[in-house]
Structures are given as structure tokens and as C-alpha cells.
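Read through the structure below, which is laid out as C-alpha cells, and then see the notes.
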Amino acid sequence: MNSPSQRRRGIVTGAGSGIGKAVVLRMLSEGVEALAVDIDAGKLSQLENAGCETLVADITDPKVRVRLAEWADGANFLVNSAGVIMIKPIFDVTVDDWRRLQTINAEATFFLCQQIGPRLRPGGAIVNLSSSSAKFATTVEVAAYAASKTTILSITRSFAYALASRPVRVNAILPGIVDTPMQEEVLERVAPMRGLTPQELHHARTRLVPLGRGSSPEECAGLIWFLLSDEAAYMTGQAINFTGGLVTW
């Protein structure tokens, strides 16, 4: 059994639902002491019941990021899963819309990598969540969101270089269609813009996936855990597609 000084610890943002929640549960199953961070207190109750430390906080607040960096001193892992989506016709996107998405999705990721990365133990790892929309741009109703997720790819590469000497590895995953509340929102909001029902849009999108289905949050968590683990000790600066073959470049 690990002593307190050897116990593995990790932070997951956006931990209240979807992929972030699945990552926290996977960490707990692997014996990692996880701090689950989310802005919605109600979404964290199940993780508290699972024995996880939780923090209700807004990661766009610089003071919150300082607090997380202090907790992370000597920790092993950071998973930047927090993010929001905005569904709007591309020609209706405003400057305020753009700034909000960049602040939550990209700015917070950048500064959490900056402040937490140097505090992680040597051999630690960071995984940032991008999206297949960073490469596959056909859903133009989420263009501003896609741009923020493309920014995360650059952030990942830059910090992979900056932290390599520690060494702390930094990678990203690009999920495609995943069964999460965010995916349900996309279907409900985009479908009427295209004159379709949510079910029709779901089938149309799934037909584009060579494997013929979406993924579960738990499958994404499995890939993230691999990237955090010593099994991926020679991987850094990578952007891993997790799309069932939808994106192959």
C-alpha cells in the first residue's frame, strides 16, 4: 500500500458529468486520490458519495486556479475536461460569444497547464480535452466552440515542449460523438436549424462513423487513463482522435 507521500493524486475539471465524471470514477478505481472540480454543486454529489474530494468552483476565476495549483503541489495528474458549447448559426456569433467560449474552454486550460504543470511530480501527465470539431468542421453551428477546441491543440503542443524536461507529459484527445449531456444538447438545438428531428440528426451523424456508433464516456476515460499511465510514458504532444474512424488525420 502506498504511503501518503507516494499516493497518486489528480485533478479533473468539468467533473460533474460526462467524460469528466467518468475520468474521476476511473481514477478512483485505479487508486488515485482525485479532486473533482465543477461549477455545479448538484452534479458533484455522486462523486462525493464515491469517496472523492470535490470543489465547487469556476475555473475562469484566477483565484480558483491558484487554489487548484496549491492543491496540485506534488500531484501526478491533471485532466482539463471542463468546457461549454454554444450552438448558433456561424453568421450570428458575436464577439461576446467568442470571448466566453475562449475564456472557458481555452484560456482556463492554458493557465491551469501553466500553473499546475510545473508542480506535478516528475513523471506526471496532463490530458486536455479537445474535440473532433477541431478538425471536422461540418457542424458549422458550433464553429466558435470548434475554434476554442482547436486552440487547445496548440496549447497541448506548447506545454508538451515546456514541461518535457521535468518530465511531465501533455497530450490531448479529440472525442467524436459521445453519449453525454453536451451531445444531447447538440442534437436538440441543431436539428431544428436543419429541419430535422433530433433522432434524424443522430442517425445522419452516426452513419458517417465507420464503426457505426458513438462512444460512451467510460470508453473516453479509458483512453485518458492510458495517456496518464506509465504505459504512455513515451507519448507527449499528441492529439489522439477518438471518433470511431470519423476523423483519421
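The values are calculated or read from the model by the stated rules, or taken from the named source; none is laboratory data. Computed from a predicted model, the values in this text were never measured in an experiment. Every residue, glycine among them, receives a Cβ derived from its backbone with ideal geometry; neighbour counts consider all protein chains shown.
Touching a helix residue (DSSP H, G or I) at 6+ places or on another chain (Cβ under 9 Å) and at pLDDT below 95: does that describe A191? Yes. For G74, indicate whether it is in contact (Cβ under 8 Å) with a residue 40 or more places away in the chain and within 25 Å of S131 (Cα to Cα). Spelling it out, it is not the case that G74 is in contact (Cβ under 8 Å) with a residue 40 or more places away in the chain and within 25 Å of S131 (Cα to Cα). Among the residues of the range 151-158, is any within 25 Å of P217 (Cα to Cα), among the hydroxyl-bearing types (S, T, Y) and touching a residue at least 60 places away in the same chain (Cβ under 8 Å)? Yes: the range 151-158 contains one or more residues that are within 25 Å of P217 (Cα to Cα), among the hydroxyl-bearing types (S, T, Y) and touching a residue at least 60 places away in the same chain (Cβ under 8 Å).
Can you spot a residue in the range 100-113 that is assigned to a strand (DSSP E or B), touching a strand residue (DSSP E or B) at 6+ places or on another chain (Cβ under 6 Å) and surrounded by 20 or more Cβ atoms within 10 Å (Cβ to Cβ)? Looking through the range 100-113, none of the residues is assigned to a strand (DSSP E or B), touching a strand residue (DSSP E or B) at 6+ places or on another chain (Cβ under 6 Å) and surrounded by 20 or more Cβ atoms within 10 Å (Cβ to Cβ).
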